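Data block below; observations after.
Every number in this text was worked out from the coordinates using simple rules, so none of it is lab data. Since the model is a prediction, treat every value here as computed from it, not as a measurement. Cβ sites come from the backbone with ideal geometry, for glycine too, and all protein chains shown count toward neighbours.
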Amino acid sequence: MEKFIKDYFNQIKIGDDEKFEGFQVFPLFSDIDYEVEYLMMREALDQGLLIIEEVSSSGDVNKLTATNKSDLPILLLGGEELEGAKQNRILNVSILLPPNKRSVIPVNCVEAGRWSYRKKDFKSSENFANFKLISGILEKIQFLRNIYFILTNLLGYFHSDYF
């Protein structure tokens, strides 16, 4: 795994930046050929392959549990809104949930005043948080911790000769 990570990062090429309303993105290009199969959150929720619930009966405003019942990883996009349980929440970061595992996911409240169950679990909303809200949330999150989580979960799903 360590060799794969070193080789992978050593061959990445950084493309020209794109700017929009104070947001700047640099595309990363790789010569390593791999395919990642995954489900999107809404698709997995609709198929009953993803269960998102409060961490306990008393709940925690900033944490939820996500149970992936699929043999594929499930991609949750930062900024997606979840409706239900004790309070509607948005995902703080994008996360690739490992197959057949239960994970704690970081979220933030978007519904002031309510802290009572509407139903036990969550469903996907049509709403996404705007860029300013997401950037404010991301400032509160430890950057290196998120990078480590993403790398350790994402790199394990590449189909490669390095494993």
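When the range 8-129 is described by a simple charge dipole with +1 on each Lys and Arg Cβ and -1 on each Asp and Glu Cβ, the residue from L50, G78, Y117 located farthest towards its positive end is Y117. Scanning residues 5 or more positions from I74 or on other chains, those with amide H under 5 Å from its amide H are L39, L97, with H placed 1.01 Å from N in the peptide plane.
Spin-label pair V25-K119: with each label point 7 Å from Cα along the Cα-Cβ axis, the two points sit 3.2 nm from one another.
Highest mean packing first, where packing is the average number of other Cβ atoms within 10 Å per residue, the peptides 89-99, 14-24, 111-121, 53-63 line up as 89-99, 53-63, 111-121, 14-24. The aspartates and glutamates within cross-link reach of K86, meaning a Cα-to-Cα straight distance under 17 Å and a gap of 8 or more places when in the same chain, are E53, E54, D60, E111, D121.
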